[in-house]
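Since the structure comes first, as structure tokens, the remarks are kept for the end.
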Amino acid sequence: EHHAVAARVAQVITIPGLLQTPEHARAIFREVVPPLMPPEVEHRVSYRVKRQVVLFRDKPLPYTAIIHEAALRMQFGGAATAKAQLEHLISMSERDHLTVVVIPFGGVSFPISAHGVDYFHGPVTQLDTVQLDTAHGVELVDAAAQLEKYRLVLDRMEQSALSPDESRDLIRRIAQGI
């Protein structure tokens, strides 16, 4: 992501890592199987926060997050952590280089992915890379045919999502209900 010219990510169960608060990330890392020792949890939280620099540098990474409503309703770390995470997500969605769209429950069908998909656009298409967060760890994909498949999946997911303004309104309603 550090060398990408743009990124588009999709998550069904969790908030994308680059948009997570430290408390939210900590709560997720505490649930990892097998369990992590507290120093490893803190190391991973620290690394996740450091990665977020790409969203705050002088020329921030253009970033699109496609998030299923299910991820917004998960209360990792409890109600206070979940509410703070949603408020952070609303704040981040107001940045010019960042687009957050939500696929609502009851919406049209979309190509589901059981794992998170992070698509990093390189300066040329041959340098594009997909990162998949699986139960077995991170997998990187860079074969042209697979990249095309993930571009199409992300396109279809984005087409199934609400507009950025409608998405922000839904996130606000969910946060107010916590």
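The values are calculated or read from the model by the stated rules, or taken from the named source; none is laboratory data. Here the structure is a predicted model, which means the values were calculated and not measured. For neighbour counting, all protein chains shown are included, and Cβ atoms are generated from backbone atoms with ideal geometry for every residue, glycine included. The area values use the complete protein model at the heavy-atom level, side chains included, leaving out ligands, DNA and RNA. Shrake-Rupley method; radii C 1.70, N 1.55, O 1.52, S 1.80 Å.
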Checklist line | Count of the stretch 120-159 residues which are part of a helix (DSSP H, G or I), of a type in the set (A, V, I, L, M, F, W, C) and open to solvent by less than 40 Å² (accessible area, probe 1.4 Å) | finding: 4
Item checked: Check on Ile13, crowded, with 16+ Cβ neighbours inside 10 Å and β-branched (Val, Ile, Thr) -> no
Check: If only one of Ala70, Ala82 is buried (at least 20 other Cβ atoms within 10 Å of the Cβ) and of a type in the set (Gly, Ala, Ser), which one is it?
Finding: Ala82
Checklist line | Failed condition for Arg8, given (1) under 21 Å from Leu127 (Cβ atoms); (2) out of contact with any Leu (no Cβ under 7 Å at 6 or more places or on another chain); (3) modelled with pLDDT of 95 or more; (4) of a type outside the set (S, T, N, Q) | finding: (2)
Item checked: Any hit, the stretch 37-47, residues being open to solvent by 60 Å² or more (accessible area, probe 1.4 Å), under 14 Å from the mean Cα position of the chain (by Cα) and among the aliphatic types (A, V, I, L, M) -> no
